[in-house]
Structures are given as structure tokens and as C-alpha cells.
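Scroll down for the structure; my scribbles are underneath it.
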Amino acid sequence: MKNDLEQLLPFVSKASRYLGNEINAVKKDPEAIDLTFAFAFPDVYEVGMSHLGLQILYHVLNSMPGIACERAFAPWPDDMEAEMKAAGLPLATLESGIPLRQCGIVGFSLEYELCYATVLRMLDLSGIPLKAAERDSSWPLVIAGGPSTCNPEPVADFFDAFVIGEGEEVLPELCRAYLRWKQSGEDKNSLLEALAGIAGIYVPSFFSITYNDNGTIRQITPLKKGCDHVDKRIITGFSHAPWCAKPVVPYMQIIHDRAGIEIARGCTRGCRFCMAGMIYRPVREKSVDRLCELSRETLSGSGYEELGLLSLSSGDYSGIQPLLGALMREHRSKKIAMSLPSLRVESLTAELIEEIRQIRKTGFTIAPEAGTQRLRDAINKGFTDTDILSTATRIFAAGWNLVKLYFMIGLPTETTQDIEGIVELCRALGRLDRRKNINVSISTFVPKPHTPFQWEAFEPAGSIVEKQQYLKDSLRSRTVKVTYHDHRLSLLEAVFSRGDRRLADVLVQAHSLGAGYDAWSEHFDHLLWDQAFKKAGIDTAFYLKERSTDEILPWDHISYGVTKAYLLNEREKARRGEMTPDCRHGQCSGCGVCDGTDVKPELYPAGPQTAPHAARGMIPEPDPFRYRLAYTKEGAARFISHLEFSSSFARALRRAGLPLRYSQGFHPLPRVTFHEALPVGLECSYALCDIELTEPVPAGDIRHKLNRELPDGITILTVEENILKSAPAPDTIKKYRVLFPENSGLHFPGTDGLDRSIAGFHARGSCLMQVEKKDRSVEVDLKKIIMDLALDADGKILMTLDAAGHSMPKIPAIMAVLFGLGAREQKSLRITKMKS
């Protein structure tokens, strides 16, 4: 299966999405596997691989004997998905190429509602029946977890079970229950009953939903004794929670292309629109010492050049300044950048800004959310205009040239004055320094489950569009850029966010019409969804209106610990404009998460609030020690682009622990020089690069250490010490070996045809072809470029070119002229650049 998929790689963009042999990817011995767990992410590779939870759970499951966790992502619809369908290939795991329908468990990560149609698309491409009721014990167990399962009802018909809450402990329990069931030989219902007995597992078929004539829920009826609701699972002792010290390192640049360590989980700020702030309670922090240990292990195991300190609000971490100081002192010599992707105005002290100034200077983000103090108080976002302006002043003074502002429109109790307040606040920020740039992002409020605003209405479409246009027109400026979300996407999100099981029919209809990848604007088709709702007989207005506080909500049997009484009280306080203090500072807010359980906030003493700054300024560099490396790039590695190869090579150098010499500037890079950039799809049996080290290392040690860290197909052949600084003049004589693939289903000439074409070329006086440049077309005579052309005993074409003084055509284009190949045949050629 994996070999079949590899044959499609020449015909897709970003082929490295599908290789599955990245550094730290786990491929177990098939003979030792009792259960293959397919971790399915319903989006493209670069989105899924950016999620820290995937890396942690991948490590947790692969640490278990007999269990292989392998990944699957949604193939890009414009190329790979179409190619797979044309070839009749089902969706399979990256590591081993096992079709998902042959795995024991297929587990989807539901990070956002707009991925639901893509889930169906992946199941369909796998050949797995969409609905759980259609799957007996011969099919994989299909489960889901992630934040969107806080209301799993819209997709309940498609899944056998859901993980509610945090998965590090419950997933191993689920897998062990599956293996016991598999050995028992019992029916599927026996498995579901066993899973329902595990804390944090929701089996939707064990609950029956009935509806009133007005469309509201009449009753949620448990069908299994003792199973009337499901409580979320939560990790305690968070400082020593499961971790992945050797994350899978992608070749391609992913959305968050860095190592990440989770410094804290949960947030008690209590923003009333924020689902994450409610469902991940209570706050749990890791100690500074533990985080320093994890950062050391993760950077060593990955080779990343950037470390992200991750949480819902990184600046709220109790020991953020001591942590930054410790990390900077330890990793500064290795030029590791630090990023804090989630900071709040309240936590941006002058001392913290000074620490951050030393480690990054890209954009800085402030999230006022609302334009007036009144509305910020209503949503429990308590900082003032003065806080925002003074923070921006400190940011600009510290040298940042860009501030990003996040606002939300359509919030409960919002008035025209609140929208005008956004304009006034942005203008006031612009007046602080007219040389600085401000990016304003406008999102639309979507009422979410388990929040104080779960009962609120979604803003009518016309009103949203009017507000978006007003803000865009009012903030026109050379230094202000305004972006906003498509209101139709927000509407779809709002429907599914608070939806019920009747929406399953909408998803089936949308799938039949071709829905999927809806978070990607180029693939979202609102007319398709309008048609799907119509065919299913569903009126979206029902799901967008304000809900009565008396009605049963679709997720009422799913508990995240925060009580409905607390949410109702917070809703009333919002209407009165009253704030609720952060409970981490003392007084309990009464949310209910800690009541009657052993679950408590886990906070670590802040320690000193100022930490010694890492040494700044230019550090004199020692004289470099230069080495020239000869290497191969063969097999699947040919599908790694030069940019991806450069990044992968630099990270391999870091993992190898070599004393690297770095470039100067704010984004220092290892001093590596590649003598040529190899195009995607071209193999090379001999290529050169130069590296610089700060101290001497035996050539044999460099070769040995690097070969342990490089991907399959990339091998260091030789290492030459003490080379000159300048690279040799490029060799204009280039040799290639070209193989026409067999059994490809394409039209290639046989050996006799190749012989005739080669003989015909040699007999011609000239052989003209057009070479396309950026701005013009150039005519080239191949007779003046091709020095030698022959067929070897194995049927491979051997060709020697002299590029001196000529515009060099691409090798597949030369093959097309010589042998009459079409576009698809050109892409499928196996071309190797040989040592000249």
C-alpha cells in the first residue's frame, strides 16, 4: 500500500506531507503489534502536525507494548485525494501504509466544528461506513476526542465513542479494554459496554434523545444503568504528566514550526465567551525546574531552533520571568529563540517585555476583544483603555514595529457605541507612533457550550456584514490593516457548536454534495451548505436563536465540572456589567470544578520577579573550522524540497550535538552552504555542502553522528577537513541517469523505441526546444548541450550535459522532446544526478 502511494507523489504538490518517515516517527515490527491505532486528523498535514496534543498522545500510545499508533491526515483535495480515488487507493496510515479500514481503532481529533464534513470525507475515502450503526465488529472502532467533543451531539451518529476531557490517561485504558474485548470474541455491544464503564468515555448509542414539537429537546434518556452522564477526565500532578521528548519533526514547514512545551493547562480568567477557559479548568502549572528539563530534552530530541512556551495564557504562568531567564541562559549559545504565543495585557509587565525583547521581535498581540470598558467588563475582560495604551507604548518603545489587535463583534449586550469604541481605540493606538503598524483582526462571536454565553443568540448575518464594513471603512489607513472572518463560516460554526443529533442528516447531505475542508476559504461553498440544510429539512435559524435557560441543551449530559448554576450567574453578571475575579489570586469563584473532588489548582511559587538578563551584545566568534560533506539524496528523500532539506539538515546538525557556528542577526542560522539546490523529485548520488564549527571535530565523528540523525535516503558519504572558505567553481558538466518506470499505466516507449529515438537524435544536425524563462521564451539547441546520450544494459538512459553558456532546460522537458513524453509521463520519471 505504501509503495502504491509513493507512485502518486510525483503528481502532487507538497509531497513531503505523505512520506511518513520523518525523524522520530515510530514504525513498529508488525509481528509485535496487537492493535494499530490510527490517529486521524481531519485537516491537512501541516495543520495537524502543529497540534501538541497529537505529539503527546502519539508518544503515549507508542510507549505501550503491542500498540502501534500511526497517523493519518486528510489528503489535499486538489491533488492527492483525486489521485487516490483515480488509483482506487484507500486512505492509509503514514508510517506503514495500513488502510484505515484494517486498523483496530480509528481516533479522530476534533479541534473545531468546521472539520466535521472532512471527517466524513476521510471515512468515505477509507471505505468505512459513515454511521456507527452501520459498522459491526468487523470494522474499526471509530472514536473522537478534542475540544469540539464538549458538544459531540452533531456528530454522535458517526462515532462509536468519544473521549471527554484530557486523553493522556484514558486512551491507554480504552486501548487495553479493546484488546481484552478482541481476545474475548464477543460482539461490538460488549465492547461499547466496557468502554462506557471507563471514566471520561461517552458512548452515544447508550443515550436516547427525544424532541418536543417546537424542536427543543424533550428528554435525554440513558439506556445503560448507572450511566446517566459523563464527567470529563482530567490530569492531576500536571508537572509530571506524560510528555513527548522526541516529537515527530516534519520536513515541511508546518503552521507552528517549533518545539513546544506546555507550561500550564487551564485558565481561570473567566472570559465569558471562552470555551477553553471553562473546559480546561482548573489551572495546573509545571514547575520551573521541570520545564527546564523538558525544554532540554525536547530541543535535543528534535533539533528545533525555536521553543514555544504554551498555555492558554503564557504570561499568567506564576514563574514566567524566572523561567524565561533560566531558558535564555541555558540555550542562548545555541541560538534558540523563545516564543510566548498567548499573552494578555494584564501580564505584560515592563520586566516581561524586556525579557521578550531579547528573544524575539516579530509582531506583538493584544486582545481587547471589545472596544469599550463597559463591554469588556460584561465579558469579564477587565483591562482598561489606559492599560491597553500604556502596554502598546511600552511595546513600541522596546522596539516593536507591529502590534496585532484582536476584537470580536456580535457579543451579547453589544451596542453601536461599542463598535465605535473599536475605531476610537485603534485610532488612539495609531497616534502613539505614526511610524508603527497595527493589524486589526475582527472575529464574530459564536456562542459556545459550557460557557455563560451558551444561551445567547448568534448575530444576524446582515448586522455582522454591516459592522465589518463600518470597521473596514473607518480604519482605512496606511499603517492599519483590517481583516475579518467570513460571516457565513461563523454561521456554520454557530449551528454545529450548539447543534444536536438531527444535524447528522445535514452532514450526510453536505458530504454527498462534496463538502469538506470548510476551514479553507477556497473550498468553502456556502451555497452547497444551504442546499444540504434544505435537503435535510433543517432551518439554521433554530440553532442560532437565543435559548431559554429552562430548556434541555444537547450537551447537558456531558459534564466539564463547571456547574450550570455558575454559568447562569455569570450570564446575569455580564448583563449587569459585573466582573468576577480570577480565582488563582485567592477567592474561589464557585465554578464547581473543584467541588467534591481531588482536583485542585496546581500553582508553583513565582520566585523572584526579576531574573538576571542573559548576556547581550555581540559575542566575538572564534575562527571557524570548515568541513566539506559529500552526501546522497535518494529514494523517498527525493520528494523533500531544497528548503525542506535545508531545514531538516540544520536540525540534524543540532540533534547530532555538533558545535555549530551561526550567522549574525536576529534570526541566526547554522553556517551551512549547499553547492546546489536539488529540485523536488530529483535523486542525487553525490552532492556537496560545507559546514562551519566553532571547534574541531574528527571527520569520522561528524559523519557517524550526522548519519544517525538524517532521514532515510540522505547519507553522508565523506567529510573533508580544513577546506578553503570559498566554494569551488560550479561544474558545468552534469551527468544524469533516467529510468522509465514499469507498470505505471503510462505510455512509455520500449527499449527498441528508446534506441531508435537516441539514434535519431545523434543523426540530427540540430534539436531545438523552447525554454521558458520568467519573462520570455528562449530557443535552445539540445545538440549543443547534450554531450552524450546512451542506453545502458538495464534500460536506463545515461545523459551527460554541458550547461556552460546555455539556458539549461529541465531534465523531464529534455526527455519529453527526445522521446515524445506527455506531461504525466515527465513527472513520473526516476531521474538521478550522478557524480560528474
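The values are calculated or read from the model by the stated rules, or taken from the named source; none is laboratory data. Treat the numbers as computed from the prediction; the structure is a model and nothing was measured. Glycine gets a Cβ as well: all are built from the backbone with ideal geometry, and neighbour counts include every protein chain shown. Please note that ligands, DNA and RNA were not included when accessible areas were found on the heavy atoms of the full protein model with its side chains. Shrake-Rupley method; radii C 1.70, N 1.55, O 1.52, S 1.80 Å.
A 1.4 Å probe run over segment 1-105, with the rest of the protein chains in place, finds 33 Å² accessible per residue. Summary of the geometry: segment 85-102 and segment 127-171, compared by the centres of their Cα atoms, lie 20 Å apart.
So if I average 1/r over every pair of distinct C-alpha atoms in segment 441-513 and take the inverse, what Kirkwood radius in Å does that give? Across segment 441-513, the inverse of the average 1/r is 14.3 Å. Remark: for residue pairs LYS2/LYS27; LYS14/LYS633; LYS14/LYS784; LYS335/LYS436, the C-alpha separation exceeds 23 Å in LYS14/LYS784; LYS335/LYS436. Normalised per residue, the accessible area of segment 694-836 is 59 Å², obtained with a 1.4 Å probe and no contribution from ligands, DNA or RNA. A simple rule links phi to the HN-Hα coupling: the Karplus curve 6.51 cos²θ - 1.76 cosθ + 1.60 with θ = phi - 60°, which for segment 226-240 gives x, 10, 9, 7, 10, 8, 5, 8, 9, 8, 10, x, 4, 4, 10 Hz, with x for Gly and Pro. Once the Cβ-Cβ distance of LYS224 and ARG296 is raised to the sixth power relative to R0 = 51 Å, the FRET efficiency obtained is 0.60. With a Förster radius of 35 Å applied to the beta-carbon distance between TYR686 and ASP187, the computed FRET efficiency rounds to 0.05.
Distant-in-sequence amide contacts of TYR484, defined by a placed amide H-H separation under 5 Å and a gap of 5 or more residues or a different chain, comprise ILE442. Restricting the GluC sites (Glu not before Pro) of segment 156-187 to loop positions (DSSP other than H, G, I, E, B) with no more than 15 neighbouring Cβ atoms within 10 Å leaves GLU186.
Within segment 228-349, the percentage of alpha carbon pairs spaced more than 24 angstrom apart rounds to 31%. Taking 0.36 nm per residue of separation and subtracting the Cα-Cα distance, full extension of the segment from GLU572 to ARG435 would add 45.0 nm. Here the simple spin-label model places points 7 Å from the Cα toward Cβ, and for ASP550 and THR210 these points are separated by 1.9 nm. Calculated on C-alpha atoms, the gyration radius of segment 374-473 divided by its Kirkwood radius gives an Rg/Rh of 1.00. Distance between the C-alpha centers of segment 733-767 and segment 777-836? Whole Å please. Here the two parts' Cα centres lie 9 Å apart. Rg of the Cα atoms in segment 699-836, relative to 2.2 N^0.38 Å, amounts to 1.28. For the chain, the fraction of 1.4 Å probe accessible surface lying on carbon and sulfur atoms is 50 percent. Using bins of 5 Å that start at zero, the share of Cα-Cα pairs per bin across segment 84-192 amounts to 2, 11, 22, 23, 22, 14, 5, 1, 0, in whole %.
Considering only beta bridges that DSSP places wholly inside the chain, some 50 percent are antiparallel.
Between LEU739 and GLN587, the simple spin-label model (points 7 angstrom out along Cα→Cβ) gives 7.4 nm. Using the 1.4 Å probe convention, the accessible area of segment 308-444 works out to 34 Å² per residue with neighbouring protein chains retained.
For the chain, the relative contact order is 12 percent, taking Cα pairs closer than 8 Å that sit 6 or more residues apart in sequence and dividing their mean separation by the residue count. Report D for segment 5-98 in µm² per second (integer): Stokes-Einstein, Kirkwood Rh on Cα pairs, 25 °C, 0.890 mPa s. Estimated via Stokes-Einstein, D reaches 177 µm²/s. Using the Karplus relation 6.51 cos²θ - 1.76 cosθ + 1.60 with θ = phi - 60°, the per-residue 3J(HN,Hα) values for segment 121-135 come to 4, 5, 4, 4, 5, 7, x, 9, x, 5, 9, 4, 5, 8, 10 Hz, with x marking Gly and Pro.
Within segment 688-708, what residues put their amide N at less than 14 Å from the label point 7 Å along the Cα-to-Cβ vector of ASN722? Residues 696-699 qualify, since their backbone N sits under 14 Å from the label point. Counting every pair of alpha carbons in segment 528-601, the share spaced more than 21 Å apart comes to 50 percent. Computed over every Cα-Cα pair of segment 656-715 and binned at 5 Å starting from 0, the pair-distance distribution P(r) comes out as 4, 14, 20, 27, 19, 13, 4, 0 percent.
The phi-based Karplus calculation (6.51 cos²θ - 1.76 cosθ + 1.60; θ = phi - 60°) puts the 3J(HN,Hα) values of segment 639-656 at 8, 8, 5, 5, 4, 5, 5, 4, 5, 5, 5, 4, 6, 5, 4, 5, 4, 6 Hz, whole numbers, x for Gly and Pro. Per-residue surface analysis assigns ARG329 an accessible area of about 120 Å², computed on protein heavy atoms at 1.4 Å probe radius. According to the square roots a ≥ b ≥ c of the eigenvalues of the Cα gyration tensor, what is the shape class of segment 63-140, taking rounded for a/c under 1.5, prolate for a/b larger than b/c otherwise, and oblate for the remainder? Rounded is the answer for segment 63-140, as its axis ratio a/c remains below 1.5. Each of ALA133 and ASP231 was given a label point 7 Å from its Cα along the Cα-to-Cβ line. The distance between the two points is 3.2 nm. Over the chain, the Kirkwood radius and the radius of gyration, each from Cα atoms, give a ratio Rg/Rh of 0.99. Annotation for segment 659-698: GluC sites (Glu not before Pro) lying in DSSP loop with at most 16 further Cβ atoms inside 10 Å of their Cβ are GLU676. Annotation for segment 657-739: trypsin sites (Lys or Arg not before Pro) lying in DSSP loop with at most 11 further Cβ atoms inside 10 Å of their Cβ are LYS725.
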